[in-house]
Amino acid sequence: MSTNIFSSATTPQAVATMQRFGGSGFKALAQCWLCMDPERRARLEAAFKPEFDRYREMAAQESNVAAQTLAERAALDVAAQDCRN
């Protein structure tokens with residue numbers, strides 16, 4: 001039986017991921033979603049379903065990375081020459 005990774009990330013998690021990793025247009029889309037009421041949020045999500053699904057997948061993958069220890073994350077950052085964490 002295969003598992004659907006989309007079921008493990010919520011839309012708010014996808015929006016948070018969109019804010020962190022998206023380009024300027026997707027960051028604006030995330031901000032727009034945050035400002036809307038629930039009915040308009042659903043309409044916006046339906047209109048941009050492939051994009052929300054993509055960021056939902058990224059959020060699910062990020063949650064797997066979040067389980068790493070701080071030392072593991074630091075080692076990855078150093079390897080990527082990124083020392084923000």
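List of remarks:
- The range 10-29 - residue that is farther than 12 Å from Glu62 by Cβ and hydroxyl-bearing (Ser, Thr, Tyr) and, of those, farthest from the chain's Cα centre (by Cα): Ser24
- Consider the range 32-52 and keep the residues that are assigned to a helix (DSSP H, G or I) and of a type in the set (Asp, Glu). The one that is surrounded by the fewest Cβ atoms within 10 Å (Cβ to Cβ) is Glu39.
- Of the residues making up the range 21-31, those that are surrounded by fewer than 14 Cβ atoms within 10 Å (Cβ to Cβ) and not small (Gly, Ala, Ser) are Phe21, Gln31.
- Unmet requirement for Ala46, which otherwise passes all of (1) within 20 Å of Ser8 (Cα to Cα); (2) under 14 Å from the mean Cα position of the chain (by Cα); (3) without any contact (Cβ under 8 Å) to a residue 24 or more places away in the chain: (2)
Since every read-out is calculated from the coordinates, none of them should be taken as a lab result. Note that the structure is a prediction, hence the values are computed from the model and not measured. As a convention, Cβ positions derive from the backbone with ideal geometry for all residues, glycine included, and neighbour counts pool all protein chains shown.
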